[in-house]
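Here the structure comes first, spelled out in structure tokens, and everything after it is commentary.
Laboratory data are not the source of any read-out in this text; all were calculated from the coordinates shown. Model, not experiment: these values are computed from the prediction. All Cβ positions, even for glycine, are placed from backbone atoms using ideal geometry, and neighbour counts span all protein chains on display.
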Amino acid sequence: MDDRPIGVFDSGFGGLTVARAMIDLLPGEDLVYVGDTGRYPYGPRPLDEVREFAREITQMLLDRFDVKMVVVACNTASAAALDLLRFEHDVPLVGVIDPGARAAVKATVNGRVGVIGTVGTIGSGAYQRAVRSMRAPVTLTCAACPGFVEFVERGETDTEQVHVLAERLLAPVIDADVDTLLLGCTHYPFLARTIGDVMGRDVVLVSSADETAFEVRGILEETGLGRRSAGAAGDGGKGDHVFLSSGDIGWFRDLGARLLGPELHDVEELVWGSAAG
């Protein structure tokens, strides 16, 4: 048993969908979440730059919080850095791409799957490689959705403007007659209602957040890294949750609490090269 926390990071708020799923599935685990809002969004940035951000945050989580596992709760960072991070560190590292791809392939009936994500994620080919590695008889249609992340991080998840943008950006996957759409960015579940309205009720939306949480639980069980009190009942069995932001603390606390829930009530400032808080 291991009482050390699990580290989770994202460019901003999207990874909170993964954190929410982990808190619900693993309520006894301690969590340290880093939202790199000072440098968001990652999607339009060069992958080598995102890779360095991911290395910096992972090292900080290990040095400052002694985390037992790192969850890269960002599709762009998973595509850019996960293989390298696994090479550089001994702790388990979990990304969001493989769990989501497996779930989408399992969900499709007609064999036509759509994936939407940031420019960086789609351009990296990470989902194409993940699906190809499964040798599943599916046809994949990918579409980049620039602008979605910014709407979420402004808290504008149900406006006419984002609906109009969705109609334009989702046209390729609609034309491909997909029956399953993988939300290949952890921000996109916050737009699930708008995306679902545009895609139609017959299209299954797959979020990698729940699948990633299941994978984390599986690794904890296989490696014996679960927290001793994780199975305890009542408030005494609930883990501690620490949230850090490299950007505006008030903004992260207010919007983050609306997106995640009551667990996000305090946010520490992440200052590179010095103690947090």
For Ser78, Ser207, what ranking results if the residue with the fewest other Cβ atoms within 10 Å of its Cβ goes first? Ser207, Ser78
Compute the long axis of helix 75-88 from its Cα atoms, compare it with the longest principal axis of the Cα atoms of the chain, and write down the angle in degrees, 0 to 90, nearest 10. 50 degrees
Can you give the relative contact order of the chain as a percent, counting alpha carbon pairs under 8 Å and 6+ residues apart? 27 percent
Largest fluctuation, Thr37, Thr212, Thr223 only, Gaussian network model of the chain with Cα springs under 10 angstrom, belongs to Thr223
Out of Thr139, Val152, Ile116, whose Cα points farthest toward the positive end of the dipole of the stretch 97-208 (charges: +1 Lys, Arg; -1 Asp, Glu; placed on Cβ)? Thr139
Longest principal axis of the chain (C-alpha) makes with the long axis of helix 97-107 (C-alpha) an angle, in degrees to the nearest 10, of 50 degrees
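With an 8 Å Cα cut-off and a minimum separation of 6 or more residues, compute the relative contact order for the stretch 97-208 in percent.
Result for the stretch 97-208 is 37 percent.
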Relative to the first principal axis of the alpha-carbon coordinates of the chain, what is the inclination of helix 249-260, with its axis defined by its Cα atoms, in degrees from 0 to 90 and to the nearest 10? 60 degrees
Taking 0.36 nm per residue of separation and subtracting the Cα-Cα distance, what length does fully extending Asn110 through Asp66 add? 11.3 nm
Cut-off is 10 Å between beta-carbons; in what order do Lys68, Lys238 appear when sorted fewest neighbours first? Lys238, Lys68
Using the 10 angstrom Cβ neighbour count as an exposure proxy, how do Thr58, Thr139, Thr17 rank, fewest first? Thr139, Thr58, Thr17
Asp254 and Val271 label points (each 7 Å along its Cα→Cβ direction) are spaced in nm at 2.4 nm
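Quote the charge dipole size of the chain about the Cα centre in Debye, to the nearest 20; the model charges only the Cβ of Lys and Arg (+1) and of Asp and Glu (-1).
That gives the chain a dipole magnitude of about 700 debye.
Per residue, how much space in cubic angstrom lies within the convex hull of the C-alpha atoms of the chain?
Spread over its residues, the Cα hull of the chain gives 124 Å³ apiece.
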Treating only Lys and Arg (+1) and Asp and Glu (-1) as charged, each at its beta carbon, one finds that the stretch 97-208 has a dipole about its Cα centre, in Debye to the nearest 20, of 600 debye
